[in-house]
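Down below is the structure, laid out as structure tokens.
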Number of protein chains: 2
Amino acid sequence: MEINIQKKVLEANETQADINRQFFKKHNTFVLNMMSSPGSGKTETLCRTLGKLMPGIRVGVIVGDICTTNDADRLEVTGARVTQINTDKFGGDCHLAANLILDSAQRLGCGDLDLLIVENIGNLVCPAEFDIGEDARVVVLSVTEGEDKPLKYPLMFRVADVAILNKIDLLPYLDFDAGLAVDNMKKVHPRLPVFEISAKTEEGFEPWLEWLKINVFEKTGTGL
Amino acid sequence: MEINIQKKVLEANETQADINRQFFKKHNTFVLNMMSSPGSGKTETLCRTLGKLMPGIRVGVIVGDICTTNDADRLEVTGARVTQINTDKFGGDCHLAANLILDSAQRLGCGDLDLLIVENIGNLVCPAEFDIGEDARVVVLSVTEGEDKPLKYPLMFRVADVAILNKIDLLPYLDFDAGLAVDNMKKVHPRLPVFEISAKTEEGFEPWLEWLKINVFEKTGTGL
């Protein structure tokens, strides 16, 4: 019974995700869905990334949170067009569903954007199940979270197109084996590209930016 | 429509939670539900806590994960009776529901335990909505996650009876204002007791252990 309900919710979401995909294709916008646990550094990574991409690439951001506009406020400082979704209106939803994304993209005036980034709600489980019509999914794991997280939350790493291992500036102070963490990611998703970065110091940023620029360029023809 | 389904699921869970409560009352077992994001240090905190409590207090642990028995394996080393729930069998559920807890408690042979700790699935959203018939809820936040998490995930901090701010050994290497984090917890839950600890170094452990021992003693008459 419960499984059937879940299936119907996911099917309805899938239908809406297809509509989103057509909308983004029509507007020639590359859409990146950014997911992670709370506190892995999505917003800081995004702030730094936007600083490097703009104004050559025109970027918009949809930020999902249950409450507060903290992340949107931080991202607006970059000059990007930002809109916030607070899911507390929808019962404190733990993920962003496809229907919320289309509304927000339209509110954002998606027409002239090359890149739309969706900063999903901090949760390593539920957002992985909800297609939002994106072109690519990035999962962010921070080195403070433990090497075994890809094995414990495999769906998230399986559906990701790229992974970021963040906060590597903290490695000297932790018992964290970055090689083991990457190996664990590859166990659940063998060909997953992984970028080891520090959003704080911008160490390791170039390969990540390169990956993003190439992907935006391939869809939109902009930014290289 | 979706809200009605959600309501029914939560109502069914609530009924089961009441059954659990009666079961635990009959067996004179104090039940602690431990919740946090992935990687905030629940397992390490538990390992160290069990080392200090046993054998004066008889402890069992139910560990929830989507996949792997990593945490259960770590906890078994302490000598505690441990059982694992993997929710991938149930569609990768993002929380532990009350029905799973009763089954596991019975499998664990709950009859002679003073304290049953449920290490919930790493998720700062969904587990907060599911009563499992526990006596108290502890939320663990690590200092690497950002001070604003209590404001962004308020339900979790509102339903908690006690909070742990973990990994304070890392404070010298972070731009993290512990005072602000505690203030934010108190904004959503004014009288929430907060213990600042390092599970790694055991700094700050005494007040936390004291809180736990007093609570176990008040229900079971054991351990002080």
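The values are calculated or read from the model by the stated rules, or taken from the named source; none is laboratory data. Computed from a predicted structure; not experimentally measured. Glycine also receives a Cβ, built like all others from the backbone with ideal geometry; neighbour counts cover every protein chain displayed.
A few remarks follow.
- Of the residues making up segment B:1-14, those that are acidic (D, E) and either at the interface with chain A (Cβ under 10 Å from one of its Cβ atoms) or crowded, with 21+ Cβ neighbours inside 10 Å (or both) number 1.
- A:T83 falls short on exactly one of the conditions (1) facing chain B (nearest Cβ under 10 Å); (2) within 17 Å of the chain's Cα centre (by Cα); (3) surrounded by fewer than 23 Cβ atoms within 10 Å (Cβ to Cβ); (4) not aromatic (F, W, Y), and that condition is (1).
- Filtered residue count, segment A:101-146, keeping only those that are within 14 Å of chain B (Cβ to nearest Cβ) and either of a type in the set (A, V, I, L, M, F, W, C) or crowded, with 22+ Cβ neighbours inside 10 Å (or both): 19
- Of all positions in segment B:39-58, none carries a residue that is part of a strand (DSSP E or B) and surrounded by fewer than 24 Cβ atoms within 10 Å (Cβ to Cβ).
- Residue check, A:A128 among the hydrophobic types (A, V, I, L, M, F, W, C), more than 18 Å from A:D18 (Cβ to Cβ) and in a helix (DSSP H, G or I): yes
- Qualifying positions in segment A:173-224 - within 30 Å of B:D169 (Cβ to Cβ) and part of a loop (DSSP other than H, G, I, E, B): A:L174, A:D175, A:F176, A:D177, A:I197, A:S198, A:A199, A:K200, A:T201, A:E202, A:E203, A:G204
- A:R48 vs. criteria in contact (Cβ under 8 Å) with a residue 24 or more places away in the chain, touching a helix residue (DSSP H, G or I) at 6+ places or on another chain (Cβ under 9 Å), under 25 Å from A:T144 (Cα atoms) and of a type in the set (K, R): yes
- Within segment A:29-41, not a single residue is farther than 24 Å from A:L212 by Cβ and modelled with pLDDT of 95 or more.
- Scanning segment B:182-207 for residues that are in contact (Cβ under 8 Å) with a residue 12 or more places away in the chain and among the charged types (D, E, K, R) gives B:K187, B:E196, B:K200, B:E202, B:E203.
- Residue within segment A:94-114 that is at negative phi, at pLDDT 95 or above and assigned to a strand (DSSP E or B) present: no
- B:V194 being at pLDDT 95 or above, within 29 Å of B:M54 (Cβ to Cβ) and away from chain A (no Cβ under 14 Å): yes
- Remark: pairs (first residue in segment A:147-164, facing chain B (nearest Cβ under 7 Å); second residue crowded, with 24+ Cβ neighbours inside 10 Å and among the hydroxyl-bearing types (S, T, Y); Cβ separation under 9 Å; 6+ apart in sequence or on different chains) = A:K149/A:S37; A:Y153/A:S37.
- Residue pairs meeting the criteria (Cβ under 6 Å; at least 6 apart or on separate chains; first more than 10 Å from chain A (Cβ to nearest Cβ), in segment B:60-72; second acidic (D, E)): B:V63/B:D71; B:V63/B:E119
- Check on A:K186, within 11 Å of chain B (Cβ to nearest Cβ) and either under 30 Å from A:K25 (Cβ atoms) or touching a helix residue (DSSP H, G or I) at 6+ places or on another chain (Cβ under 9 Å) (or both): no
- Pair list, Cβ under 9 Å, 6 or more apart: segment B:15-39 residue within 25 Å of A:N123 (Cα to Cα) and within 14 Å of chain A (Cβ to nearest Cβ), other residue of a type in the set (S, T, Y) and in a strand (DSSP E or B): B:S36/B:S142; B:S37/B:S142; B:G39/A:S142; B:G39/B:S142
- For segment A:60-76, the criterion of being within 29 Å of B:I121 (Cα to Cα) and of a type in the set (S, T, Y) is satisfied by at least one residue.
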